[in-house]
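Enquirer: Let me give you the structure first, and then I'll get to my questions.
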Amino acid sequence: MVIVYESKTGFTKRYAEMLAKKTGLNFFGVKELSKVNRDEEIIFLGWMKVGKIQGLDKLRKYNVKAVCASGTGRTAEPNTDTVIMRNKIESIPFFYLRGGCFPLKEIKGMDKIMLIMFVNMLKSRKEKDEKLEEAISIIENGFDGVNEENLTPILEWIATR
Ligand SMILES: Cc1cc2nc3c(=O)[nH]c(=O)nc-3n(C[C@H](O)[C@H](O)[C@H](O)COP(=O)(O)O)c2cc1C
């Protein structure tokens, strides 16, 4: 079994490194996928962009046994079932890992435009609860939610194999 990850700003990579350290498994970026045998069992970690787990489509012909997705919410947004359905991973275990992001002013290109649109949409909502205020603050000011404890469910799953 090996770990394969896709990370743009490094938060998911940190989880991949931590998981590799804790399990002794080798880890590879999606760009190094050619080094992984097609029938090797894979734990995949990817970051989420508008609900889509980045990099996962490149592994469709590989032997993916579990998928972890990192996002900035406390839990998978909009909810776990929707993320599983949208990413077509109904038949394998799914684990959400809270990642993080850099402050909006440090983000560039298309991602920045998308995030500005998203934060404006959140701000325009009439009913603002604590969760919504947190989501706005995270995007504007940045956030680091990477924590070893968040790996417990996936580590427990690995231990049963
Ligand atoms: C354009 C864009 C869209 C995003 N969409 C989502 C999303 O739908 N759900 C979510 O939880 N996080 C979303 N995020 C946050 C990232 O998934 C999160 O910051 C992730 O931990 C980044 O991982 P990385 O550092 O490995 O790239 C988005 C970030 C960007 C830049």
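Enquirer: Kindly indicate which of 74, 98 is under 16 Å from the mean Cα position of the chain (by Cα), over 25 Å from residue 4 (Cβ atoms) and either modelled with pLDDT of 95 or more or assigned by TED's automatic domain parsing to the domain that holds residue 21 (or both).
Expert: 74
Enquirer: Looking at residue 38 and the list (1) surrounded by fewer than 14 Cβ atoms within 10 Å (Cβ to Cβ); (2) in contact with a Ser or Thr (Cβ under 8 Å, 6 or more places away or on another chain), which single condition is not satisfied?
Expert: (2) is the only condition that residue 38 fails.
Enquirer: So which of 79, 26 is more than 9 Å from the ligand (Cβ to nearest atom), assigned by TED's automatic domain parsing to the domain that holds residue 150, more than 30 Å from residue 121 (Cα to Cα) and among the polar types (S, T, N, Q)?
Expert: Of the residues listed, the single one that is more than 9 Å from the ligand (Cβ to nearest atom), assigned by TED's automatic domain parsing to the domain that holds residue 150, more than 30 Å from residue 121 (Cα to Cα) and among the polar types (S, T, N, Q) is 26.
Enquirer: Another one. Could you check segment 87-110 and list, in sequence order, the residues that are near the ligand (Cβ under 10 Å from one of its atoms) and closer than 16 Å to residue 46 by Cα?
Expert: 96, 97, 98, 99, 100, 101
Enquirer: Looking only at segment 56-76, how many residues end up being closer than 20 Å to residue 100 by Cα and either near the ligand (Cβ under 10 Å from one of its atoms) or of a type in the set (Ser, Thr, Tyr) (or both)?
Expert: Of the residues in that region, 8 qualify.
Enquirer: A further question on this structure: Looking only at segment 5-22, decide whether some residue is modelled with pLDDT of 95 or more, away from the ligand (no atom under 16 Å from the Cβ) and either in contact with a Leu (Cβ under 8 Å, 6 or more places away or on another chain) or not assigned by TED's automatic domain parsing to the domain that holds residue 112 (or both).
Expert: Yes: segment 5-22 contains one or more residues that are modelled with pLDDT of 95 or more, away from the ligand (no atom under 16 Å from the Cβ) and either in contact with a Leu (Cβ under 8 Å, 6 or more places away or on another chain) or not assigned by TED's automatic domain parsing to the domain that holds residue 112 (or both).
Enquirer: Any residue at all in segment 83-94 that's in the same structural domain as residue 10 (by TED's automatic domain parsing), closer than 20 Å to residue 14 by Cβ and at pLDDT 95 or above?
Expert: yes
The values are calculated or read from the model by the stated rules, or taken from the named source; none is laboratory data. Given the structure is predicted, the values throughout are model-derived calculations rather than measurements. Counting neighbours? That spans all protein chains shown, and the Cβs are built from the backbone with ideal geometry, glycine included.
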